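Asker: Pasting a structure below so you can have a look.
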Amino acid sequence: MKKNALKIKRNALCPCGSGLKYKNCCMSNPERLMVHKLRKLKIRLKTPEQIAGMRKSGALVKTTLDLVEANIGAGISTNEINEWVHQFTIKNGGKPAPLNYRGFPKSVCTSVNDVVCHGIPNDRKLEKGDIINVDVTTILDGFYADSSRTFLIGRPSPEARHTVGVSRKCLYLGLQEVRPGNTFGMIGRVIQTYAESEGCAVVRDYCGHGVGLDFHEAPTVTHFENNDEFHDLEFVPGMTFTIEPMINFGSNWRVRVLNDGWTAVTVDGAISAQFEHTVLVTESGVEIIV
């Protein structure tokens with residue numbers, strides 16, 4: 001970690017709480033100060049055993065999404081997708097994390113066309129020309145992993161296909177920024193810059209998040225330029241979190257939530273797409289857990 005990364009004046013009180021000036025305390029030991037900062041921000045670095053557990057959960061999420069990809073198509077209802085995910089997860093010893101989470105009634109989120117996120121499966125059948133994001137979060141032996149993919153049904157409109165392509169690239173541009181020495185703010189900067197250059201907008205109401213021991217942990221991971229409390233935080237090996245940019249076609253990033261209290265849609269009816277990975281910060285860069 002860079003010694004000046006926290007931008008603390010030499011004669012200021014050290015943030016670790018020792019009561020000493022920074023120059024007489026953690027200035028020469030920034031690693032100690034980073035541990036204090038992570039604790040204050042409630043960020044939990046994962047142990048090797050916990051990472052191994054997340055990898056197993058991530059493997060189950062991947063095979064679940066592979067199952068969906070192999071079977072999804074026109075005429076399939078989102079309730080059928082929910083049943084596939086639920087049964088496959090249970091059969092393999094896991095639990096669907098969304099089920100009954102804060103009252104969410106299903107085991108998976110299925111977001112079609114202008115639905116940005118948190119779509120509730122129902123009897124609607126997919127039609128040729130639709131796009132659908134399927135978001136799977138699984139608990140296996142107490143460890144969480146979270147990933148989503150957007151699927152094309154038939155041949156959607158050029159606008160829809162463009163938005164899907166932009167959202168996929170946004171995810172991988174964000175991933176390229178994850179390595180020790182870089183900061184969380186770099187993820188949002190590169191994603192917003194690219195998305196807007198392609199005639200799309202980055203949703204700001206929802207973000208990535210820490211994950212592993214709980215469904216949602218610190219930090220929040222925004223996909224647009226901002227100055228939140230995590231903006232200047234450097235990546236540290238052992239951090240686990242999601243990157244999951246939600247990208248709308250056009251310049252309007254705003255969303256509204258339907259009366260069910262969950263389903264978020266674009267305010268102008270524009271197409272929205274998303275891809276998501278759970279990642280681990282390593283000593284040399286980033287590992288995609290799922």
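Asker: Suppose we keep only residues that are touching a residue at least 24 places away in the same chain (Cβ under 8 Å) and of a type in the set (Val, Ile, Thr) within region 71-90. Which one would you say is farthest from PRO121 (Cα to Cα)?
Answerer: This residue is THR89.
Asker: Oh, and also: Since PRO105 meets every condition but one in (1) open to solvent by 60 Å² or more (accessible area, probe 1.4 Å); (2) assigned to a helix (DSSP H, G or I), which condition does it not meet?
Answerer: It fails just one condition, (2).
Asker: Sticking with this structure for a sec: Here is a check on your reading of the model: is ALA201 over 18 Å from VAL279 (Cα atoms) and either in contact with a Pro (Cβ under 7 Å, 6 or more places away or on another chain) or among the small types (Gly, Ala, Ser) (or both)? So that I can check it myself, show each step before the final result.
Answerer: Numbers: over 18 Å from VAL279 (Cα atoms): yes; either in contact with a Pro (Cβ under 7 Å, 6 or more places away or on another chain) or among the small types (Gly, Ala, Ser) (or both): yes.
Yes.
Asker: Then there's this: For ASN133, state whether it is over 19 Å from GLU287 (Cβ atoms) and surrounded by 19 or more Cβ atoms within 10 Å (Cβ to Cβ). Steps first, please.
Answerer: Values: over 19 Å from GLU287 (Cβ atoms): yes; surrounded by 19 or more Cβ atoms within 10 Å (Cβ to Cβ): yes.
It is true that ASN133 is over 19 Å from GLU287 (Cβ atoms) and surrounded by 19 or more Cβ atoms within 10 Å (Cβ to Cβ).
Asker: Out of the residues in region 53-80 that are hydrophobic (A, V, I, L, M, F, W, C) and either open to solvent by 40 Å² or more (accessible area, probe 1.4 Å) or assigned to a loop (DSSP other than H, G, I, E, B) (or both), which is nearest to ALA145 (Cα to Cα)? Don't jump to the end; show me each part of the working.
Answerer: To start, the set of residues in region 53-80 that are hydrophobic (A, V, I, L, M, F, W, C) comprises 54, 59-61, 65, 67-68, 70, 72, 74, 76.
Going one step further and asking which of them are either open to solvent by 40 Å² or more (accessible area, probe 1.4 Å) or assigned to a loop (DSSP other than H, G, I, E, B) (or both), we end up with 59, 67, 70, 72, 74, 76.
Working: ALA59: 9, LEU67: 17, ALA70: 21, ILE72: 22, ALA74: 28, ILE76: 26 Å.
Top of the filtered list is ALA59.
Asker: Restricted to region 225-252, and to residues that are more than 17 Å from the chain's Cα centre (by Cα) and closer than 27 Å to GLU159 by Cα, which residue is most open to solvent (accessible area, probe 1.4 Å)?
Answerer: SER251
Let's see how each residue does on (1) within 14 Å of the chain's Cα centre (by Cα); (2) among the hydrophobic types (A, V, I, L, M, F, W, C); (3) closer than 24 Å to ALA218 by Cβ:
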site: ALA97; (1), (2), (3): no, yes, yes
site: GLU127; (1), (2), (3): no, no, no
site: ILE153; (1), (2), (3): no, yes, no
site: ALA160; (1), (2), (3): no, yes, no
site: PHE184; (1), (2), (3): yes, yes, yes
site: TYR194; (1), (2), (3): no, no, no
site: GLY199; (1), (2), (3): no, no, no
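Asker: Step by step: first the residues of region 253-280, then only those that are in a strand (DSSP E or B) and of a type in the set (Ser, Thr, Tyr), then the one that is nearest to SER157 (Cα to Cα). Which residue is that? Before the answer, list the steps.
Answerer: Keep residues of region 253-280 that are in a strand (DSSP E or B), which gives 255-257, 264-266, 272-274, 276-280.
Next, only the ones that are of a type in the set (Ser, Thr, Tyr) stay: 266, 272, 278.
Working: THR266: 17, SER272: 13, THR278: 29 Å.
In this case the residue turns out to be SER272.
The values are calculated or read from the model by the stated rules, or taken from the named source; none is laboratory data. All values reported here derive from a predicted model rather than from experimental measurement. Heads up, the Cβs are rebuilt from the backbone with ideal geometry, glycines too, and the neighbour counts pull from every protein chain shown. The protein model used for the area step is the full one, side chains on, heavy atoms only, and it has no ligands, DNA or RNA in it. Shrake-Rupley method; radii C 1.70, N 1.55, O 1.52, S 1.80 Å.
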